[in-house]
Amino acid sequence: MPAAGEQKIAVIGAGIVGISSALYLQRAGFAVTLIDRDEPGHGASFGNAAALAPHAFVPINSPSIPRRLLPLLFASGSPLSIDWGYAPRMLPWLLSFLSHCRPAEVTRIAQAMHTLLSRNLDHALPLFRESGADRLMRGGGYLHLYESEAAYHSSAGEVTLYKRLAGDVEEIDAAEIRRLEPNLAPVFVRALYFHSALHYLSTVEVCATLVRHFRANGGCFLRDEVRTLDARPDGRIRVAGTQDGIYDQAVLAAGAQARRLFGGAVEKLPLETERGYHVMFGKQAGIISRTCSSATAGFAMTPMSDGLRCAGMVELAGLDKPPNPACHAYLDRTARRFLPDIREAPSSTWMGFRPSMPDALPVIGRSTRTTNIILAFGHQHVGMSSGCITGAIVADIAAGRMPPIDITPFSPARF
Ligand SMILES: Cc1cc2nc3c(=O)[nH]c(=O)nc-3n(C[C@H](O)[C@H](O)[C@H](O)COP(=O)(O)OP(=O)(O)OC[C@H]3O[C@@H](n4cnc5c(N)ncnc54)[C@H](O)[C@@H]3O)c2cc1C
């Protein structure tokens with residue numbers, strides 16, 4: 001393999017993971033082409049809840065899920081829903097998901113994610129500072145809110161993990177919640193206050209700013225839809241879309257859509273999507289000061305430059321179905337219950353695709369089928385909080401260097 005400085009590498013996907021990979025590969029001396037069928041940051045990295053949350057290591061796999069899954073799926077007004085027509089296709093993923101809900105497994109996943117998330121800022125801040133994207137980041141922490149003592153106590157497992165692993169968590173009462181966020185309705189009795197979380201004022205503008213910086217430093221951004229990845233006899237990779245390119249290595253960072261490129265040079269992995277939704281209230285940018293999430297409502301609210309974003313929910317319905325208006329209605333209704341001063345209709349709505357593995361751990365590593373393809377997807381609910389360190393890891397793998405953390409838990413070979 002030639003030295004990094006003589007190697008051409010393609011990164012497929014310009015979400016937070018692909019963009020960070022492109023920037024770290026560029027720093028390592030590779031000639032990088034970043035390819036997306038859309039403008040940068042228009043996938044899941046566009047419409048998420050915009051929290052950069054080092055504490056978000058507790059997976060949604062939880063020991064109580066096997067008992068609660070069916071009631072949650074059948075309840076009306078639930079943050080979790082399934083398209084029953086799609087359910088048979090999801091069954092293997094769901095069964096695997098349930099097998100990762102055992103308490104010991106949840107602790108293992110939380111520990112691996114804690115290692116990734118707790119080091120992300122070390123790799124995000126340099127990119128944000130040197131590109132100027134730091135002007136689009138705000139501190140202020142993150143409130144995870146409970147509406148009743150019963151809700152708090154039924155989350156004892158996750159609270160224990162937060163207290164054990166997060167170095168910045170404080171438990172606060174209703175009076176302190178009110179002092180921090182006076183516009184919240186007095187429906188919350190307790191919260192976990194994570195002091196070191198940040199939020200993005202504009203997720204899409206951070207992505208665009210990072211890509212402008214990448215291009216200013218000689219990187220190539222190519223707008224194209226990749227249709228196949230092929231390993232050539234000489235080991236190089238043919239990346240084929242409407243234009244073909246031959247690269248020494250390729251990084252597959254196409255989020256939930258990565259699975260459309262499985263088969264051939266890339267092994268089939270159990271990548272699914274947990275669809276998520278948001279509604280924006282354009283006039284409410286100042287109504288809260290930090291990301292506030294409800295432990296039971298299944299979404300978070302974040303003050304952003306273009307208004308208040310209420311984002312979350314999980315819908316299991318694959319990549320092809322149109323958005324479900326009932327999910328937007330749920331977010332609209334529940335956000336007003338939490339913030340009664342919101343009087344206007346949502347200014348915009350969105351649906352997007354979380355890339356999710358059944359064990360809630362991303363895939364970061366060389367393909368088991370084609371050595372010169374590096375896989376970087378599956379960041380499910382926390383890609384905005386772990387994408388930048390993933391980029392640094394990808395560059396280390398490509399350059400044959402030791403990554404900053406143990407990446408064994410994220411190996412593609414684990415399936
Ligand atoms: C409702 C919701 C709320 C969330 N809230 C948070 C949060 O508060 N904090 C947090 O950390 N995370 C959050 N997440 C998760 C986070 O958004 C994702 O984990 C993250 O954005 C994934 O980034 P990615 O780069 O892997 O994928 P994406 O951002 O989806 O990027 C993949 C890119 O690949 C491109 N692509 C796909 N296929 C091809 C192809 N064949 N050819 C060319 N290009 C292709 C797409 O166009 C896209 O731009 C949330 C997600 C959702 C849906």
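Just so you know, all these numbers are worked out from the coordinates, no wet-lab data involved. From a predicted model like this one, the values you see are computed outputs, not experimental measurements. Neighbour counts are summed over all protein chains in view; Cβ atoms, including those assigned to glycine, are modelled from backbone coordinates with ideal geometry.
Overview of results
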read-out	value
Mean residue ellipticity (222 nm) of the chain, computed from DSSP H runs ≥ 4 via -39,500 (n - 2.57), nearest 500	-10000 deg cm²/dmol
Reachable aspartates and glutamates from K321, criterion Cα separation under 19 angstrom, eight or more residues apart if same chain	D83, E272, E274
Virtual paramagnetic centre 7 Å along Cα→Cβ of A185, amide N under 20 Å, in segment 287-322	287-303, 308-313
Packing-based ranking, highest mean first, of 74-86, 300-312, 187-199 given that Cβ atoms within 10 Å are counted	300-312, 187-199, 74-86
For C207, C327, C220, order by how many other beta-carbon atoms lie within 10 Å, fewest first	C220, C327, C207
Length-normalised contact order for the chain - Cα pairs under 8 Å, 6+ apart - percent	26
Proximal aspartates and glutamates to K163, defined as alpha-carbon separation beneath 20 angstrom and excluding residues fewer than eight positions away on the same chain	E105, E147, E149, E171, D173, E176
Derived scalar couplings ³J(HN,Hα) [segment 24-32; Karplus, 6.51 cos²θ - 1.76 cosθ + 1.60; whole Hz; x for Gly, Pro]	6, 5, 4, 4, 7, x, 6, 8, 10
Relative contact order of segment 323-415, defined on C-alpha pairs under 8 angstrom at six or more residues apart (%)	25
Debye-sum result for segment 52-93 in log10 I(q)/I(0), which assumes one identical scatterer on each alpha carbon, at q = 0.25, 0.33 Å⁻¹	-1.00, -1.15
Burial order of peptide ranges 118-124, 340-346 (average beta-carbon count within 10 Å, highest first)	118-124, 340-346
Relative contact order of segment 214-373, defined on C-alpha pairs under 8 angstrom at six or more residues apart (%)	26
Global geometry of segment 62-191, whether rounded, prolate or oblate, following the gyration tensor of its Cα atoms and the 1.5 cut on a/c	oblate
Packing-based order for 96-102, 231-237, using average beta carbon neighbours within 10 Å, highest first	96-102, 231-237
Shape category assigned to segment 220-357 from the gyration tensor of Cα positions, a/c cut at 1.5	prolate
Calculated from backbone phi, Karplus (6.51, -1.76, 1.60) coupling profile of segment 329-346 in Hz, x at Gly/Pro	4, 4, 5, 4, 5, 6, 4, 5, 5, 7, 10, x, 6, 6, 10, 8, 6, x
Alpha carbon centroid spacing (whole Å) that separates segment 232-282 from segment 17-90	15
Spatially proximal lysines relative to K8 (Cα-Cα < 30 Å; intrachain offsets below 8 disregarded)	K268
Separation between Cα centres of segment 154-229 and segment 364-387, rounded to whole Å	20
